[in-house]
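One structure is given here, and the rest of the page talks about it.
The values are calculated or read from the model by the stated rules, or taken from the named source; none is laboratory data. Note that the structure is predicted; figures quoted are calculated from it, not measured. Note that each Cβ is placed from the backbone with ideal geometry, even for glycine, and that neighbours are counted across all protein chains shown.
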Amino acid sequence: MQKIDPERYQRSLNQLTELFASMVVHADELSQCRCPYKNRLNQCTANFGCRNKRKSPDAGSLPICAGDDQLDYRGAWES
């Protein structure tokens, strides 16, 4: 069995940390204004009424989210 080089292992961890840190920062920025029920295809996944929900032109597809992503949802999450 090959021994693990501690320095190489730490370098790999540092690279992964740097990679994921930028993803987390971007996700955090989006979470402050983007509806949490809007998926990457701009479809609404909420199981309740929403004034931004529009009927999809494709039968059987999720509704379209017509939100402009300018709303600040943080007030709803902060206590």
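Worth a mention:
- Among the residues making up the range 1-48, those that are over 30 Å from residue 62 (Cβ atoms) and hydrophobic (A, V, I, L, M, F, W, C) are 1, 4, 13, 16, 19, 21.
- If you go through the range 3-33 and pick out every residue that is closer than 25 Å to residue 68 by Cβ and either more than 23 Å from the chain's Cα centre (by Cα) or small (Gly, Ala, Ser) (or both), you end up with 2.
- In the set (1) part of a loop (DSSP other than H, G, I, E, B); (2) among the aromatic types (Phe, Trp, Tyr); (3) modelled with pLDDT of 90 or more, the condition left unmet by residue 48 is number (3).
- Taking the range 55-65 as the range and being loosely packed, with under 13 Cβ neighbours inside 10 Å and not acidic (Asp, Glu) as the test, the residues that pass are 55, 57, 59, 60, 61.
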